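Heads up, the thing below is written out as structure tokens.
The values are calculated or read from the model by the stated rules, or taken from the named source; none is laboratory data. The model shown is predicted, which means the values in this text are computed figures rather than measured ones. Neighbour counts are summed over all protein chains in view; Cβ atoms, including those assigned to glycine, are modelled from backbone coordinates with ideal geometry.
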Amino acid sequence: MIISILTVLSGNINAATNIIYDINFSSPTHTVGSTPTTGNSASTISSVNFGQPVVEESFGSLTNQPLVFNPNIHSYEQIELGLGSGFGNYKLSFDMETRNLVNSNYSFSIFFDAPNANTLNFNYAYGYGRVKSWSANVYPQFFGYYSDETLMHVEIEVDPVKKLWIIDIGDIAPAFTGSFLAWSNDIESIRFSLAPNLGDQGIDTNVFVGIDNILVTTESVPEPCAMVLFGFLGLPFLAKFRKLN
């Protein structure tokens, strides 16, 4: 009790981590051979917006029921995670692997809707698989290269209030820090999308992207007024404790 009060008074309050999504597409929540289960829980996506991405037993290095995007029926495939939690920061991490995305006319994009879209994009151009960030009113910035059939772990930290984000895709590229434009100072949703680069150029059934282990978290810090209130509540206790000792 005394340590807690002293901690409050000194202002050394650790931020609390809030888990918004923790999705690994495993059973029984999700079913192999079907589109992912949708709902309002932390273990389900919010919606399938386009196409029919399917939960598979494995995909390359993703061996525990990943979600696989393959445009074999529709040219666009997209899922969405609803947010709009009112936090000033968000962290997204996930694992992914591509097959035949390099040398195709497709790209795989992660959209952060604020409500304007800020995008992390994996595409093919000038003979390479390239990684770029794209924020409204900011020219696309290429900062890395990727290869098919290579496991990638992606971590993204976003501060919509400070208008910044940090993108880390491990050893395949240096961490990128850039501008993040958020008209609402919040993120309303995150979308994962496999689509042609330039409009509807037909269906390429050879293109696959697998993702798994999606984690979305925020960190909240107690309001300063609450810290002061707890401090004042603890003062009488501290005074009594001193008299007894």
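Structure summary
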{"quantity": "Residues of region 44-72 satisfying the condition of being under 19 Å from the mean Cα position of the chain (by Cα), in a loop (DSSP other than H, G, I, E, B) and surrounded by fewer than 18 Cβ atoms within 10 Å (Cβ to Cβ)", "calculated": "44, 46"}
{"quantity": "Condition broken by residue 118, with the remaining ones in (1) over 17 Å from residue 208 (Cα atoms); (2) not in a strand (DSSP E or B) satisfied", "calculated": "(2)"}
{"quantity": "Verdict on residue 78 being buried (at least 19 other Cβ atoms within 10 Å of the Cβ), in contact (Cβ under 8 Å) with a residue 24 or more places away in the chain and closer than 15 Å to residue 190 by Cβ", "calculated": "yes"}
{"quantity": "Conditions (1) modelled with pLDDT of 95 or more; (2) in contact with a helix residue (DSSP H, G or I) (Cβ under 6 Å, 6 or more places away or on another chain); number of the one not met by residue 5", "calculated": "(1)"}
{"quantity": "Only listed residue being out of contact with any strand residue (DSSP E or B) (no Cβ under 9 Å at 6 or more places or on another chain) and either at pLDDT below 95 or not hydrophobic (A, V, I, L, M, F, W, C) (or both), chosen from 70, 116, 89, 49", "calculated": "116"}
{"quantity": "Residue among 221, 216, 228 that is at pLDDT 95 or above and either among the hydrophobic types (A, V, I, L, M, F, W, C) or in contact with a strand residue (DSSP E or B) (Cβ under 6 Å, 6 or more places away or on another chain) (or both)", "calculated": "216"}
{"quantity": "Residue match in region 199-206 (condition: crowded, with 16+ Cβ neighbours inside 10 Å, modelled with pLDDT of 90 or more and in a strand (DSSP E or B))", "calculated": "no"}
{"quantity": "Residue within region 134-148 that is among the acidic types (Asp, Glu) and either assigned to a strand (DSSP E or B) or on the phi > 0 side of the Ramachandran plot (or both) present", "calculated": "no"}
{"quantity": "Failed condition for residue 86, given (1) free of Cβ contacts under 8 Å to residues at least 12 places away in the same chain; (2) at positive phi", "calculated": "(1)"}
